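J.: After the structure tokens below, expect a handful of questions from me.
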Amino acid sequence: EVLVDHSSLDISRWAVNRVFYNGQYYRDMVQLESAYVQGRISVEKVRKAPRDGDFSSMKPRAPSAALFPLQYEPQGPRYSIRNNHVLFQAWSFAFGMSVNTGLRLFDIRHKGERVAYEIGIQEALSVYGSNCPGGMSTRYMDGSFGIGRYTSPLVRGVDCPYSATYVDTHSLFETLSPSKRKASLCIFEQNLGSPLRRHYSNLQSLYYGGLVNSALVVRSIATVGNHDYVWDFIFYQNGAIEGKVQATGYASSSFLHGDGLRYGNRVWEHTLGTIRTHSINYKVDLDVGGVKNSLVAHDMAFEMVRAPWSPEQQIERPRLTKKVLDTEDQAAFRLQSKIPRYIYFAANSKNKWGHQRGYRIQITSFAGDHVPEASSMERAISWARYQLAVTRRKEEEPTSTSIYNQNDPWTPTVTFANFINNETITNEDLVAWITTGFLHIPHSEDIPNTVTVGNSVGFLLRPYNYYDLDPSIYSHDGVFFTSEQDFTACEINPIACLPKTASCLPNFPPFTYDGFQNM
């Protein structure tokens, strides 16, 4: 590895300042060559990698066999797309692709009422450890490279269901004319294979009631260098929205030497899979029952009481705790700190039962530790200090970071920590900044590729007293029958009609792929 000083605009003044080989540092290439000639270097001989990629090849090791299960819509898609506007059951929203931050949504409405003004990715950060200089100094801020710019063309039937709707995206980046990536975004309705809700009654009355968990998915996949990020926004029939990212691709590595096992696992003959953290930041601009919202926390505590019917007995019962978070400082939750388990944007309006209508934020994360704040570059990624921070919405604070923070993290263009200045957030237009992530210690099963299983994090936005009852009860997909009904009759149970209505194989379009065109 070489350290190059390229600070001058005059390339003749560029120079190699340091050379690293097999655990030793040298002043320059001349000193390295001299030490080699004199036999003072421990030389590690590495066989030339075969052209087929050897252990890193993704070519299947087994022949094709029986076809995997497919999903299709027996009567065609139940969603519609017009330009960038999507309608699905009670949902409507617009989608876009930022060249820097990737997939984002606008004007998200449920049953005609706006739930969120904007939901979108802000940044994907990776911080690496290693005993090699390149590895230990790596801090990738993928927005700088362009999450949207590196959105990949999707492979039908693998990256998304075969029958999904595939949409082209366009970007303007380092050229005077826009570029098009064909089929780089997909939209599909997915049967998740489990009930959204159900109940079977065999006490007194005999009946079954249930609803298939079918949701709309908007997906893009960005390949930024070695990593592939699968970005999903998912719309459920009960009014919930999920933002999810799944990580896959190749694990970055270092040459294994010395005390390398302090920084990861050996995954091949000379390869150290280096430890790293992944942190993902989202902007969630909720408008719950209007623009003006407050932030409320509900949780639980046990209280000890004497049983009213038997005072000598003590009962430990859980009770509800409530707190309004009045300021930005109160609403900034550090990464590993305890956060209220029910935290929600509350509207000024109430539901039928007298509760403030709200949307709850529920985060799924296995994040590693944040870079110490004493670090000279930490302010460039200060958004990662917080698993959740809620601030007033301001036009001058549109993003939590900047594309310029990668190359000059010591004097960052945007410092998210400055957004939090103890302003009141009661009955204001608010934005939630959500950070989710995971610690990745590569292991032998990451060869040749990291799998998405277990590497999925994100958040849910769930109605909390927003409605008077679960809105999915109005879904056309509901199933209900009693012991006294003929549950084999289509008019009683539409599932009974599937052998007639969905038994034919669909006409799948021919397979095409444009990922290798116009590179």
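J.: Out of the GluC sites (Glu not before Pro) in segment 410-519, which ones are loop residues according to DSSP with at most 11 other C-beta atoms within 10 Å?
T.: E484, E491
J.: On to the next question. Lysines near K500 by alpha-carbon distance under 22 Å, same-chain residues fewer than 8 away left out - which ones?
T.: Counting by Cα, and skipping residues close in sequence, K500 has no lysines nearby.
J.: Considering only C-alpha atoms, what is the centroid distance from segment 441-479 to segment 46-60, in Å?
T.: 36 Å
J.: At a 1.4 Å probe radius, carbon and sulfur cover how many percent of the accessible area of the chain?
T.: Heavy-atom surface of the chain belonging to carbon and sulfur, 1.4 Å probe: 54 percent.
J.: If amide H atoms are built 1.01 Å from N in the plane of the peptide, which residues on other chains or at least 5 residues away come under 5 Å of the amide H of R18?
T.: Residues meeting the criterion, in which the H sits 1.01 Å from N, are L3.
J.: A further question follows. Just to check I understand the Karplus step: with θ = phi - 60° and J = 6.51 cos²θ - 1.76 cosθ + 1.60, what whole-Hz values come out for segment 366-374, glycine and proline as x?
T.: Residue by residue, segment 366-374 yields 10, 5, x, 6, 7, 4, x, 5, 6 Hz.
J.: How about the chain: what cysteines have no other cysteine beta carbon under 4.7 Å from their own?
T.: That list is C132, C504.
J.: Residue by residue through segment 333-348, which ³J(HN,Hα) values in whole Hz follow from phi under the Karplus form 6.51 cos²θ - 1.76 cosθ + 1.60 (θ = phi - 60°), with glycine and proline marked x?
T.: Per residue, the Karplus-derived 3J(HN,Hα) values read 9, 4, 4, 9, 7, 6, 10, x, 6, 10, 10, 8, 7, 9, 8, 7 Hz.
J.: What ranking, highest mean first, results for peptides 14-21, 281-288 when packing means the other Cβ atoms within 10 Å averaged over each residue?
T.: Descending mean neighbour count gives 281-288, 14-21.
J.: Check which residues have an amide H placed less than 5 Å from L430's amide H, if you skip close sequence neighbours.
T.: Placed amide hydrogens put N293, R393 under 5 Å from L430.
J.: To continue, here is another question. Could you sort 321-329, 344-352 so that the peptide with the highest average Cβ count within 10 Å comes first and the rest follow in order?
T.: Listed from highest to lowest mean packing, they are 344-352, 321-329.
J.: Right, something else. What are the aspartates and glutamates whose alpha-carbon lies under 17 Å from the alpha-carbon of K283, with same-chain residues fewer than 8 places away excluded?
T.: Correct list for K283: D107, E118, E123, D142, D232, E242, E328, E395, E396, E397, E428, D429.
J.: Classify segment 470-510: rounded, prolate or oblate, from the alpha-carbon gyration tensor (a ≥ b ≥ c, eigenvalue square roots; a/c under 1.5 rounded; otherwise prolate if a/b is larger than b/c)?
T.: oblate
J.: Would you please classify the overall shape of segment 308-384 from the alpha carbon gyration tensor, given that a ≥ b ≥ c denote the square roots of the eigenvalues, rounded means a/c under 1.5, and beyond that prolate means a/b larger than b/c while oblate covers the rest?
T.: Taking the square roots of the gyration eigenvalues as a ≥ b ≥ c, segment 308-384 is oblate.
J.: Scan around Q24 for amide H atoms under 5 Å from its own, H built in the peptide plane at 1.01 Å from N, and keep only partners 5 or more places away or cross-chain.
T.: Excluding prolines and chain starts, which carry no amide H, there are no hits.
J.: With every protein chain left in place, what is the accessible area per residue of the chain in square angstrom, probe 1.4 Å?
T.: 55 Å²
The values are calculated or read from the model by the stated rules, or taken from the named source; none is laboratory data. Since the structure is predicted, the reported quantities are computational estimates derived from the model, not experimental observations. Backbone-built Cβ (ideal geometry, glycine too); neighbour counts: all protein chains shown. The protein model used for the area step is the full one, side chains on, heavy atoms only, and it has no ligands, DNA or RNA in it. Shrake-Rupley method; radii C 1.70, N 1.55, O 1.52, S 1.80 Å.
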